[in-house]
Amino acid sequence: MDVAVRATEERFLRRRKHFSIRRTDSWSGTMISSIVNILAGLATVAPGTTPANFWMPEGASVQAPGVDFTFQVINWINYFFFAGITLALIILVIRYRQKGKNVEFSPGPEHNTPLELTWTIIPTLILVGIFFMGFAGYLDLRTSPKNTYDIKVTAQQWAWEFEYPNGAKSTSELVVPQGRPVRLIMRSADVLHSLYIPDFRVKQDVVPGRYTYMWFQSDAANDPTDDSDFHWLFCTEYCGDSHWNMNVHVRVFPQDDFDKWTKDQARWLDVIPEQDLYFMAGPKLYARCATCHTLDGSEGTGPTWGPRDGQPSLWERVVSGKGKVSGGSKFIPGKTLLADYIGDGKLYLTPEDYIRDSIYNPGALLVSGYGNQMPTFQGQLNDRAIDALIGMTKNLDEFNPDGTFKDQARLAEAEARVAEAKAAAAEQPVAGGTSGDVTD
């Protein structure tokens, strides 16, 4: 049996023993204790995937069976009483309906001790059983094993950032190892968010000014070569205009593939040649920008990179100096054009300087018609990432409205060159005459 599963079962048994109701000589104490232990025992079903049903998607974590079982128990209790009460209501309405025009009143029962005891004791026993079943499951969901793989999560309007122990970062997907408990250490950079992975049956609020934790384990791996094989991660706490788009993919990789992915992710920008940087790295980085900025001129939460102010693109607006600004910490009253801020002896020497500072310090100059909503990316994007985004704005006509590169043949050739370079580097001997993987 898996170590994490065995540890979970041991924790549950300890808690059930601690919170179980003491046996008494009375029939009520014995009945309550029996119901609690039966329901709590049934909740510890074997971990693994669970099939999809009308209410739930397929479960893909060790927590899913217990959560689904609790959910179904409560559902069937509801079904039973809904059907019973509705049927009784229909029978009573038909049987005791008024017949004819004469209204006859007959005295009815004023008190029925057995009936009152029945509708008091039975619901109480059911609720006590549900409470202990849910409480035991809650404790397991909130108590992570000791050998977790920790990933730092930062939520901000309107994107997620995942940071791994080796320094690798990802904003487009959360990749986790198969068969290993994973703990997310979460914080918010702005407002209240909530991280929810339906297939894993886990959800936790992400609160500004504090850290929250959530753990899960998935034994069902996704295909590392198939980008369409994934689970969804959503933000389920309304956090502003683009809340609807704050979702990413979760992928579970076998350990060897996961190790390779984290290693490549930590240095993925470094292996891309300079001339290919804007179309190989740009779209991947733009995926995070896309929650606020469009490429086709349509309005978004932030200014479009496409046509605006009579100019064909963001780069043209910046180079021509015709872009309009209306505020910010570096705004000078009366100077509303970018031409007043870019050039020799001005705030920014070059257009690239302005775009770079707009990413790192977005509140410096506010584009006319927009507020200071953009978070800073200082410490999240390095110089090569900034170069990739600037290169993308310079060559915007080479991209589709969704950010993908139009010339797929050229992209495939560039990817092949990078793959060959990685393979050649991996075959190079390391210090001491041995061969091995290239380290970060």
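The values are calculated or read from the model by the stated rules, or taken from the named source; none is laboratory data. Because the structure is a prediction, the values reported are computed rather than measured. Neighbour counts run over all protein chains shown; Cβ positions are idealised from the backbone, glycine included.
Flag: G369 matches the condition of being part of a loop (DSSP other than H, G, I, E, B), more than 27 Å from the chain's Cα centre (by Cα), modelled with pLDDT under 90 and on the phi > 0 side of the Ramachandran plot.
For segment 340-353, indicate whether the set of residues that are hydroxyl-bearing (S, T, Y), assigned to a helix (DSSP H, G or I), surrounded by fewer than 20 Cβ atoms within 10 Å (Cβ to Cβ) and more than 32 Å from the chain's Cα centre (by Cα) is non-empty.
no
Looking across segment 388-414, just one residue is crowded, with 19+ Cβ neighbours inside 10 Å and hydroxyl-bearing (S, T, Y), and that is T393. Looking only at segment 64-102, residues that are more than 22 Å from V128 (Cα to Cα) and either basic (K, R) or surrounded by 18 or more Cβ atoms within 10 Å (Cβ to Cβ) (or both) come to 5 in all.
Within segment 159-188, the set of residues being among the small types (G, A, S), over 15 Å from the mean Cα position of the chain (by Cα) and surrounded by fewer than 17 Cβ atoms within 10 Å (Cβ to Cβ) comprises G167, G179. Scanning segment 302-349 for residues that are under 24 Å from T376 (Cβ atoms), out of contact with any helix residue (DSSP H, G or I) (no Cβ under 9 Å at 6 or more places or on another chain) and free of Cβ contacts under 8 Å to residues at least 24 places away in the same chain yields a total of 3.
Report yes if some residue within segment 214-230 is in a strand (DSSP E or B), touching a strand residue (DSSP E or B) at 6+ places or on another chain (Cβ under 8 Å) and closer than 22 Å to Q157 by Cβ; otherwise report no. There is at least one residue in segment 214-230 that is in a strand (DSSP E or B), touching a strand residue (DSSP E or B) at 6+ places or on another chain (Cβ under 8 Å) and closer than 22 Å to Q157 by Cβ. Can you find a residue in segment 116-123 that is surrounded by 14 or more Cβ atoms within 10 Å (Cβ to Cβ) and either touching a residue at least 24 places away in the same chain (Cβ under 8 Å) or within 27 Å of R183 (Cβ to Cβ) (or both)? No; the residues of segment 116-123 include none that is surrounded by 14 or more Cβ atoms within 10 Å (Cβ to Cβ) and either touching a residue at least 24 places away in the same chain (Cβ under 8 Å) or within 27 Å of R183 (Cβ to Cβ) (or both).
Mind listing whichever residues of segment 179-209 are charged (D, E, K, R) and touching a Phe, Trp or Tyr at 6+ places or on another chain (Cβ under 9 Å)?
We begin by selecting, within segment 179-209, every residue charged (D, E, K, R); these are 180, 183, 187, 190, 199, 201, 203, 205.
Across segment 179-209, the qualifying residues are R180, R183, R187, D199, R201, K203.
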